[in-house]
Amino acid sequence: MLDDDDVSFKTPLEFSFYIEKLAKELNINYVEALTNYCENHQVEPMDIAKYVNASLKDKLMADFIQMNYLPKEPSLNI
């Protein structure tokens with residue numbers, strides 16, 4: 001498992017890579033990985049919002065849609 005003892009992030013990209021590795025290693029989705037990180041480090045999700053970059057945000061949105069927490073976006077079948 002990833003070493004959580006001394007985790008510090010200088011950029012949102014580093015944080016996103018960490019969350020992606022955590023999700024892959026634990027075989028969970030990005031929402032669960034982010035929640036896991038917050039619980040293990042005793043931080044509120046709002047405290048890490050500044051570290052969520054556009055790529056991770058898109059992946060989180062896709063997970064929320066898949067889990068039916070957000071409405072599915074209509075698509076055109078062309």
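The helix-only estimate of mean residue ellipticity at 222 nm for the chain, built from DSSP H runs of length n ≥ 4 each weighted as -39500 (n - 2.57), is -16500 deg cm²/dmol after division by the residue total. The phi-based Karplus calculation (6.51 cos²θ - 1.76 cosθ + 1.60; θ = phi - 60°) puts the 3J(HN,Hα) values of the stretch 58-66 at 4, 5, 5, 4, 4, 5, 4, 5, 5 Hz, whole numbers, x for Gly and Pro. Structure note, pairs 50/72; 10/50; 10/59: Cα-Cα distances above 19 angstrom occur for 50/72; 10/59. When the chain is treated as a GNM with alpha-carbon contacts under 10 Å, the residue of 23, 62, 54 showing the greatest mean-square fluctuation is 54.
Let me know the longest stretch in the chain that avoids all chymotrypsin sites (Phe, Trp or Tyr not before Pro) found in a DSSP loop with at most 16 other C-beta atoms within 10 Å. Looking at the chain, 10-68 is the longest stretch - no exposed chymotrypsin sites (Phe, Trp or Tyr not before Pro) with at most 16 other Cβ atoms within 10 Å.
Hydrodynamic analysis of the chain uses the Kirkwood radius over alpha carbon pairs. Inserted into Stokes-Einstein at 4 °C and 1.567 mPa s, it gives a translational diffusion coefficient of 96 µm²/s. A run of the chain free of exposed loop cleavage sites, with trypsin sites (Lys or Arg not before Pro) counted only in DSSP states other than H, G, I, E and B and at most 11 other beta carbons within 10 Å, reaches its longest extent at 11-71.
Applying 1/(1 + (r/R0)^6) with R0 = 22 Å to the Cβ-Cβ distance of residue 58 and residue 8 gives a FRET efficiency near 0.35. Please report the carbon-and-sulfur percent of the accessible area for the chain; probe 1.4 Å, protein heavy atoms only, DNA, RNA and ligands left out. Solvent-exposed carbon and sulfur of the chain make up 52 percent of the total.
Per residue, the accessible area of the chain comes to 78 Å² when a 1.4 Å probe rolls over the protein heavy atoms.
The values are calculated or read from the model by the stated rules, or taken from the named source; none is laboratory data. Keep in mind the model is a prediction, meaning the values are calculated, not measured. Counting neighbours? That spans all protein chains shown, and the Cβs are built from the backbone with ideal geometry, glycine included. The area values use the complete protein model at the heavy-atom level, side chains included, leaving out ligands, DNA and RNA. Shrake-Rupley method; radii C 1.70, N 1.55, O 1.52, S 1.80 Å.
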